[in-house]
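Colleague: Before anything else, here's the structure in question.
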Amino acid sequence: AQIIHEGDIFPGARVLEAGAGSGALTCSLLRAVGPGGRVVSYEQRADHAEHAQRNVSVYYGDAPQNWELIVDDVARSELPEASFDRAVLDMLAPWEVLESVGRLLTPGGVLMIYVATVTQLSRVVEALRAQQCWTEPRSWETLQRGWNVVGLAVRPQHSMRGHTAFLIFARRLAPGVVAPVPLGRKREGRDG
């Protein structure tokens, strides 16, 4: 739900998905874009692609006409430049495909990336900054903590799933637009 909301996946949108996995996110993307939109999913692993194909077909009763599943690396995509309004990456090394995804995403288009570890988060954000064709990346950890509410006895539940993932948001800049300089603290001894 956070990917759909924060990524502004809207009815009629053209969405690129890299890392189709089980197809669960694909189903949500297809629902969000509606029949007037389009989702193109890349999956490198044939076994995952089969699983996604089966799950999406079961969920919708058949594979939707506005969905294309490509078993390949999105970095090798031959689709035309600026083919997509939004891109969602859920893969092991998303920093490796940012150049290709940037080419496929229309200027002003939104990129959402799902990663599981702090190391991935750091590598992705630094890669986005280095390309200088994205807005300053915004990242957050997704957490959910239940609460017990009984009259005036209101407290958090004792158990909590402490970590689920990190999400990263960036917007594709138009050609010729200068990437913003990230604000930060000066590091003693390095910046004067």
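The values are calculated or read from the model by the stated rules, or taken from the named source; none is laboratory data. Since the structure is predicted, the reported quantities are computational estimates derived from the model, not experimental observations. Here the Cβ is made from the backbone with ideal geometry for all residues, glycine too, and neighbour counts use every protein chain on show.
Colleague: If I filter the range 76-88 down to residues being touching a helix residue (DSSP H, G or I) at 6+ places or on another chain (Cβ under 7 Å) and outside any loop (DSSP other than H, G, I, E, B), which single residue comes out as nearest to residue 43 (Cα to Cα)?
Modeller: 88
Colleague: Show me the strands (runs of 3 or more DSSP E) found entirely inside the range 119-192 where at least 2 residues are at pLDDT 85 or above and over 23 Å from the mean Cα position of the chain (by Cα). Please lay out each step first, then the result.
Modeller: Values: elements: 138-144, 147-150, 153-156, 161-171.
Qualifying strands (runs of 3 or more DSSP E): 147-150, 153-156.
Colleague: Tally up the residues in the range 1-41 that are of a type outside the set (A, V, I, L, M), out of contact with any Ser or Thr (no Cβ under 7 Å at 6 or more places or on another chain), surrounded by 21 or more Cβ atoms within 10 Å (Cβ to Cβ) and under 17 Å from residue 73 (Cα atoms), please.
Modeller: Result for the range 1-41: 2.
Here is a yes/no grid of residues against (1) within 18 Å of residue 180 (Cβ to Cβ); (2) surrounded by 15 or more Cβ atoms within 10 Å (Cβ to Cβ):
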site: 101; (1), (2): no, yes
site: 104; (1), (2): no, yes
site: 109; (1), (2): yes, yes
site: 112; (1), (2): no, yes
site: 117; (1), (2): no, no
site: 122; (1), (2): no, no
site: 129; (1), (2): yes, yes
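Colleague: Something else now. Which of the residues spanning the range 71-89 are crowded, with 19+ Cβ neighbours inside 10 Å and either within 16 Å of residue 29 (Cβ to Cβ) or free of Cβ contacts under 8 Å to residues at least 24 places away in the same chain (or both)?
Modeller: Step one: filter the range 71-89 for residues crowded, with 19+ Cβ neighbours inside 10 Å, giving 74, 77, 84-89.
Selection gives 74, 84, 85, 86, 87, 88, 89.
Colleague: Kindly list the number of the only condition in (1) over 27 Å from residue 49 (Cα atoms); (2) touching a residue at least 40 places away in the same chain (Cβ under 8 Å); (3) not polar (S, T, N, Q) that fails for residue 145.
Modeller: Here residue 145 meets the rest and fails (2).
Colleague: Moving on. Could you grab me the full set of residues in the range 45-54 that are out of contact with any helix residue (DSSP H, G or I) (no Cβ under 7 Å at 6 or more places or on another chain) and either among the charged types (D, E, K, R) or surrounded by 14 or more Cβ atoms within 10 Å (Cβ to Cβ) (or both)?
Modeller: Pass one, the range 45-54, residues out of contact with any helix residue (DSSP H, G or I) (no Cβ under 7 Å at 6 or more places or on another chain): 45-51, 53-54.
45, 47, 48, 49, 50, 51, 53, 54, listed by residue number.
Listed here are the residues, each with its yes/no results for (1) touching a residue at least 12 places away in the same chain (Cβ under 8 Å); (2) farther than 12 Å from residue 16 by Cα; (3) part of a helix (DSSP H, G or I); (4) hydroxyl-bearing (Ser, Thr, Tyr).
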| position | (1), (2), (3), (4) |
| --- | --- |
| 64 | yes, yes, no, no |
| 95 | yes, yes, yes, no |
| 99 | yes, yes, yes, no |
| 109 | yes, no, no, no |
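Colleague: So which residues in the range 126-146 are aliphatic (A, V, I, L, M) and over 14 Å from residue 93 (Cβ atoms), if there are any at all? Before you say what the answer is, go through the steps one by one.
Modeller: Quick first cut of the range 126-146, residues aliphatic (A, V, I, L, M) only: 127-128, 130, 143.
Listed by number, the residues that qualify are 130, 143.
Colleague: Now a separate question. For the range 41-48, check the following and say yes or no: at least one residue is in contact with a Leu (Cβ under 8 Å, 6 or more places away or on another chain) and among the charged types (D, E, K, R).
Modeller: Step one: of the range 41-48, the residues in contact with a Leu (Cβ under 8 Å, 6 or more places away or on another chain) are 41-43.
With among the charged types (D, E, K, R) added as a condition, the list becomes 43.
The answer is yes; a qualifying residue exists.
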